[in-house]
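The values are calculated or read from the model by the stated rules, or taken from the named source; none is laboratory data. Note that the structure is a prediction, hence the values are computed from the model and not measured. Cβ: placed from backbone, ideal geometry, glycine included. Neighbour counts: every protein chain shown. All accessible areas refer to the heavy atoms of the entire protein, side chains included, with ligands and DNA or RNA removed. Shrake-Rupley method; radii C 1.70, N 1.55, O 1.52, S 1.80 Å.
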Amino acid sequence: MPKRWLSFFVIMVFAALSALSAANSAKGTDSRSFGLGLSLRADRSVYRMSDTLRLETLLRNTGEEDVYIWQWDMSWNPAKGLSMHIVRANGKEVQTPFLMDSVPPPPRGGDPYQFVKLSPRTMYGLAENFKLEDLVNGPGEYDLDATFNSFLSSQWVAEFMGNEPISKLPLWTMERPSINSNRIHITVRP
């Protein structure tokens, strides 16, 4: 009788391990298939209020499959595209004197070059100059990070670009989760 229980127990353990392994493999494939990373880099860490901050913003395909990004998603906006967050040393978010509010036009039909293909381990980015006086209210210590969201919904793409080849490709749309960047620290002097 104990041999039967031992055999049954061994079979159940192997079945459970096989199911767990399959579930982890499927979950790992889903999370790695389409992944983006967002990184920021400033040209230096100490500035004066009259200086210009040169900010490099890079989207990196961390997944295992191609992803297509709409070029206009790489524009600064408080809600979609790239959104910048600046926090004082005391943890309070800065209300910037300048509103970065890019409102892109809708994608043009028949123009595949407005979408950027990011193959695995490739990057797409931009380098922009920002006046410090437009970003912060005065001298101090600041942490800066950003989030990335698409302006486009998959429903909009299906409705207005359904006949375009891009609608059949893995396009990054607003249904995907927000991508958070690294945090950079800057010091602003008078």
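Extension gain, Val116 to Phe98, is 3.6 nm, computed as 0.36 nm per intervening residue step minus the present C-alpha separation.
Among the trypsin sites (Lys or Arg not before Pro) found in segment 109-190, those both in a DSSP coil and sparsely packed, with 15 or fewer other Cβ atoms within 10 Å of their Cβ, are Arg121, Arg183. Among the GluC sites (Glu not before Pro) in segment 101-187, those placed in a DSSP loop whose Cβ has at most 14 other Cβ atoms within 10 Å are Glu175.
Working note: Karplus 6.51/-1.76/1.60 with θ = phi - 60° gives segment 119-132 the couplings 6, x, 6, 10, 10, 9, x, 8, 10, 10, 9, 10, 6, 4 Hz, where Gly and Pro are set to x. Ranking Thr57, Thr187 from most to least accessible surface, computed with a 1.4 Å probe over the protein chains only, gives Thr187, Thr57. According to a simple spin-label model (label point 7 Å from Cα along Cα-to-Cβ), what is the distance in nm between Met123 and Met174? The two pseudo-label positions are separated by 2.9 nm.
The Cα atoms of segment 27-165 cover 52, 34, 23 Å along the three principal axes, with the biggest extent listed first.
What whole number of Å gives the distance from the Cα centroid of segment 60-108 to the Cα centroid of segment 126-182? Centre-to-centre distance over Cα atoms comes out at 4 Å.
Split the accessible area of segment 33-190 by element, probe 1.4 Å, and carbon with sulfur accounts for 50%.
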